[in-house]
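Notes for the one structure printed next.
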Amino acid sequence: MKITICCTDTNQQPWLAGLQAALPQAHVSIWSPSDPQADHAVVWAPPQQFLDEQPALKTLFNIGAGVDALMALRIPASTQVVRLDDAGMSVQMAEYVCHAVLRHFREFDGYAHDAAQGRWSYRKPRRKAQWPVGILGMGILGQRVARSLQAFDFKVQGWSRSAKDIPGVQTYTGAAQLADFLKTSKFLVCLLPLTPHTENILCQANLSQLPVGAYLINVARGAHLVEADLLALLDTGHLSGATLDVFRQEPLPEGHPFWAHPRITVTPHTSARTLRDESIAQIVSKIEALSQGHAIRGVVDLSRGY
Ligand code: NAP
Ligand code: GLV
């Protein structure tokens with residue numbers, strides 16, 4: 001069995017060592033142009049040339065949850081694309097979103113500001129009933145975030161493409177129920193995949209349906225958000241703030257208005273990182289399952305784009 005690695009912006013040597021140690025019978029190598037055909041590939045944002053040179057690839061293992069970069073490429077017809085299926089990401093995402101929600105709900109920035117001035121000042125406790133959290137995307141990450149917020153007694157609601165039955169979560173489905181979902185989401189968390197249907201979903205028309213004072217958390221992809229629309233809604237006060245982990249251009253360019261905005265928190269696409277050991281273990285167990293003819297989880301439906 002031959003496995004090739006082609007991961008941009010990644011130190012590939014530890015992936016090579018980890019995969020080779022777990023699969024000693026396989027031939028594992030880092031891809032170079034004109035390499036011989038492999039059976040499986042481990043990739044992150046590979047160039048089109050890589051796919052064009054690997055027409056008989058059986059499986060393309062993406063070392064992230066989102067496959068939008070792959071969807072922009074021509075993928076050989078017989079190749080199945082497999083995304084990371086949690087592999088230690090969902091708990092990180094739950095930590096990040098709970099932190100952002102609690103920081104705003106409990107007004108920790110206000111207390112830090114007061115403390116810096118030596119001021120001992122109380123704020124009136126907020127009522128959770130007035131701060132329901134709406135999660136766009138109730139997949140692997142969205143459901144874990146929902147459970148974690150429920151543990152703090154937040155009212156959680158979720159929106160997805162197909163109907164869901166999740167204990168304690170009010171669920172909404174498809175375009176027809178988006179408006180009802182938005183009008184009751186005081187926090188809005190985006191955990192959608194980036195597809196032609198979800199691009200620009202965080203736009204003026206949708207964000208202005210949120211209750212006045214709503215707070216946005218985008219941890220999915222930068223192209224979900226129309227940046228100028230967010231700035232305008234912060235200016236009018238319709239939105240009270242935003243925590244953003246993902247951007248149209250990454251790294252966020254120097255001088256971008258988000259950097260210095262007093263009500264926007266920026267983090268560098270770090271809410272749920274790929275954990276190498278967990279990812280290698282998952283990929284290896286899927287390669288073994290496939291070689292025994294078993295079905296695996298995480299196969300991307302190319303017609304849906306996620
Ligand atoms: P997932 O399991 O595929 O879940 C995606 C969810 O979005 C599903 O509930 C799906 O609905 C819903 N959805 C997709 N298209 C929709 C549409 N047009 N309308 C309504 N709902 C739609 O994905 P995941 O593992 O939770 O990851 C979600 C995304 O998070 C990734 O695609 C990636 O972009 C992002 N991410 C970011 C980071 C980071 O560090 N910032 C890390 C990991 C992932 P159904 O359930 O009905 O299919
Ligand atoms: C990270 O953004 C991922 O999609 O895994």
- Task: Arrange the peptides 62-68, 209-215 so that the one whose residues have, on average, the most other Cβ atoms within 10 Å appears first.
- Result: 62-68, 209-215
- Task: State, to one decimal in nm, how far the label point of HIS261 lies from the label point of ARG147, with both points 7 Å from Cα in the Cβ direction.
- Result: 3.3
- Task: State the antiparallel share, in %, of DSSP beta bridges confined to the stretch 89-266, rounding to the nearest 5.
- Result: 0
- Message: Could you report the stretch 93-245's accessible area per residue, 1.4 Å probe, as an integer in Å²?
- Response: 47
- Item | 0 to 90° range, to nearest 10: angle between helix 227-236 axis and the chain longest Cα axis | 10
- Packing rank of 120-127, 75-82, where each peptide gets the mean count of other beta carbons within 10 Å, highest leading: 75-82, 120-127
- Task: May I ask you to compute the full-extension gain from SER291 to ASP35, defined as 0.36 nm times their residue separation minus their alpha-carbon distance, rounded to one decimal in nm?
- Result: 89.9 nm
- Task: Would you please give the residues with an amide H less than 5 Å from that of THR265, counting only those at least 5 places away or on a separate chain, with H modeled from the backbone geometry?
- Result: ALA242, THR243, LEU244
- Message: Along the Cα→Cβ direction, 7 angstrom out, place labels at TYR111 and ASP85. What is the inter-label distance in nm?
- Response: 4.1
- State the antiparallel share, in %, of DSSP beta bridges confined to the stretch 146-251, rounding to the nearest 5. 0
- Message: Largest first and in whole Å, what are the equivalent-ellipsoid semi-axes of the chain based on the Cα gyration tensor, each being the root of 5 times an eigenvalue?
- Response: 39, 20, 19
- Task: Please state the charge dipole magnitude for the chain, taken about the Cα centre, from unit charges on C-beta atoms (+1 on K and R, -1 on D and E), reported in debye and rounded to the nearest 20.
- Result: 1120
- Straight-distance crosslink candidates among lysines, where the alpha carbon sits under 19 Å from LYS155 and sequence neighbours closer than 8 are dropped: LYS128, LYS164, LYS183, LYS186
- Carbon and sulfur together cover what percent of the accessible area of the chain at a 1.4 Å probe radius? 54
- Residue-averaged 222 nm ellipticity for the chain, from DSSP H runs of 4+ at -39500 (n - 2.57), nearest 500: -9000 deg cm²/dmol
- Task: Rank TRP31, ALA100, ALA295 by how far each Cα sits towards the positive end of the charge dipole of the chain (+1 on Lys, Arg Cβ; -1 on Asp, Glu Cβ) and give me just the farthest.
- Result: ALA100
- Query: Using a Gaussian network model of the chain with C-alpha springs under 10 Å, which one of THR184, THR236, THR59 is most mobile by mean-square fluctuation?
  - Reply: THR236
- For ILE166, what charge total do you get from the other residues with a beta carbon under 14 Å from its beta carbon, if Lys and Arg give +1 and Asp and Glu give -1? +3
- Among the lysines, select those whose C-alpha is under 26 Å from the C-alpha of LYS2, and discard any that sit fewer than 8 residues away in the same chain. LYS58, LYS286
- For the chain, the longest principal axis of the Cα atoms and the Cα long axis of helix 276-291 enclose an angle in degrees, to the nearest 10, of 50
- Message: Using only the alpha-carbon atoms, how far is helix 140-150 inclined from the longest principal axis of the chain? Give it as 0 to 90 degrees, nearest 10.
- Response: 30
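The values are calculated or read from the model by the stated rules, or taken from the named source; none is laboratory data. Since the structure is predicted, the reported quantities are computational estimates derived from the model, not experimental observations. Reconstructed Cβ throughout: ideal geometry from the backbone, glycine too, with neighbour counts over all protein chains shown. Accessible surface is based on the protein model in full, side chains and every heavy atom, while ligands, DNA and RNA are left aside. Shrake-Rupley method; radii C 1.70, N 1.55, O 1.52, S 1.80 Å.
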